[in-house]
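For reference, the structure is listed below as structure tokens.
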Amino acid sequence: MFAVYAAEPSPDDPMAALRVGERPEPDAPDGWVPVTVRAASLNMHDLWTLRGVGIKAEQFPMILGCDGAGTLPDGAEVVLHSVISSPGWVGDETLDPRRTLLTEKHQGSFAQTVVVPARNALPKPASLSWAEAACLGTAWLTAYRMIFVKSGLRPGQTMLVQGASGGVATALVQLGRAAGLRVWASGRTEAKRALARELGAHETFEPGSRLPERVDGVFETVGQATWSHSLKSLEPGGRIVVAGATSGPTPPADLARVFFLQLSVLGSTMGTRSELESLL
Ligand SMILES: NC(=O)c1ccc[n+]([C@@H]2O[C@H](COP(=O)([O-])OP(=O)(O)OC[C@H]3O[C@@H](n4cnc5c(N)ncnc54)[C@H](OP(=O)(O)O)[C@@H]3O)[C@@H](O)[C@H]2O)c1
């Protein structure tokens with residue numbers, strides 16, 4: 001079948017590992033279902049896979065794509081939940097130490113067919129286009145959990161989204177606005193800041209700039225480049241929810257600020273099946 005895949009880990013030149021070609025048609029083990037893919041979306045995770053980050057060398061070649069939407073053999077329209085928990089795991093799948101995302105162990109969705117456990121194929125709302133539905137399983141689910149499960153923010157409070165144009169950042173802006181939060185975003189160019197305002201941000205700022213006032217919560221996927229600004233932007237008692245570190249994972253911790261101002265740092269990863277159900 002047609003597929004877009006990573007041939008091998010390529011840390012320094014990720015695009016050199018990208019292949020567009022043929023891969024074997026997958027078999028669906030007991031309890032798994034084949035999904036004919038109608039749309040899949042591109043995430044930063046695919047670039048990590050090409051670089052060999054978060055995947056063992058023996059797993060290559062690996063079809064890319066950690067989310068998507070498509071049809072089951074009976075024609076049912078579904079959205080993929082890409083967090084695959086280990087057999088017998090009960091409860092929050094994101095806490096299963098042996099969970100994997102599609103493309104870490106199991107082949108991904110940039111192909112004509114992808115196989116997933118039956119419980120990882122959720123009904124697609126008819127109101128969503130295929131392309132919209134295919135964005136929900138990774139970027140939007142991550143943003144959903146960050147805001148509604150982790151942050152504790154209430155309507156009327158102010159959130160700062162670090163990054164304006166990214167997959168998770170644009171989902172955070174739209175979900176935050178829809179939830180009645182005051183949404184501020186930082187973006188590196190005026191075009192990216194304008195995009196965030198179009199999507200619902202009340203105000204946008206250059207990265208690192210002084211804000212008109214401190215915020216109740218910061219949403220981080222950038223990491224090293226924005227972390228100290230994130231800490232400095234918080235009200236006493238504020239929360240920072242972190243789900244990624246694109247620019248590097250080891251910023252200065254600034255512990256004195258964390259304990260003096262009683263800040264909370266909350267890690268967040270993807271979301272559960274039931275959170276995806278709620279998002280849908
Ligand atoms: N934990 C999880 O479950 C989970 C789920 C999804 C994603 N992630 C991680 O979250 C991160 C974002 O994913 P994504 O798919 O949203 O990626 P993306 O679409 O490539 O977006 C990257 C974002 O990072 C910002 N950015 C990158 N480098 C920056 C820098 N040096 N200074 C300031 N801003 C910078 C960009 O800001 P501009 O708008 O200014 O360009 C953009 O908003 C990735 O590291 C990904 O692996 C984690």
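The values are calculated or read from the model by the stated rules, or taken from the named source; none is laboratory data. Keep in mind that what you see is a predicted model, and the values were worked out from it rather than measured. Note: ideal-geometry Cβ built from the backbone for every residue, glycine included; neighbour counts use all protein chains shown.
Return the residue satisfying two criteria in turn: it lies in region 216-232 and is near the ligand (Cβ under 9 Å from one of its atoms) and of a type in the set (Gly, Ala, Ser), and of such residues it is nearest to VAL265 (Cα to Cα). Looking at residues that are near the ligand (Cβ under 9 Å from one of its atoms) and of a type in the set (Gly, Ala, Ser), I get GLY223. Residues in region 238-272 that are under 23 Å from THR49 (Cα atoms) and under 16 Å from the mean Cα position of the chain (by Cα): VAL242, ALA243, GLY244, ALA245, THR246, SER247, GLY267, SER268, THR269, MET270, GLY271, THR272.
On the stretch given as region 148-160, residues that are buried (at least 23 other Cβ atoms within 10 Å of the Cβ) and within 17 Å of THR272 (Cα to Cα) total 1.
Sort through GLY167, GLY187, GLY163 and tell me the only one that's surrounded by fewer than 23 Cβ atoms within 10 Å (Cβ to Cβ), small (Gly, Ala, Ser) and closer than 15 Å to THR221 by Cα. Going through GLY167, GLY187, GLY163 in turn, just one is surrounded by fewer than 23 Cβ atoms within 10 Å (Cβ to Cβ), small (Gly, Ala, Ser) and closer than 15 Å to THR221 by Cα: GLY167. Given the criteria more than 24 Å from THR246 (Cα to Cα) and either of a type in the set (D, E, K, R) or touching a residue at least 40 places away in the same chain (Cβ under 8 Å) (or both), does ALA121 qualify? Judged against the criteria, ALA121 is a match. Restricting the search to strands (runs of 3 or more DSSP E) fully inside region 1-107 and requiring at least 3 residues that are in contact (Cβ under 8 Å) with a residue 40 or more places away in the chain gives 2-6, 32-39, 77-80.
Can you tell me which of GLU277, GLU235, GLU213 is farther than 28 Å from TRP48 by Cβ, more than 15 Å from the ligand (Cβ to nearest atom) and loosely packed, with under 15 Cβ neighbours inside 10 Å? After ruling out the rest, the residue left standing is GLU213.
Yes or no, residue by residue, for (1) touching an Asp or Glu at 6+ places or on another chain (Cβ under 8 Å); (2) modelled with pLDDT under 95; (3) acidic (Asp, Glu):
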| site | (1), (2), (3) |
| --- | --- |
| LEU231 | yes, no, no |
| GLY238 | yes, no, no |
| THR246 | no, no, no |
| PRO252 | no, yes, no |
| PHE259 | no, no, no |
| SER278 | no, no, no |
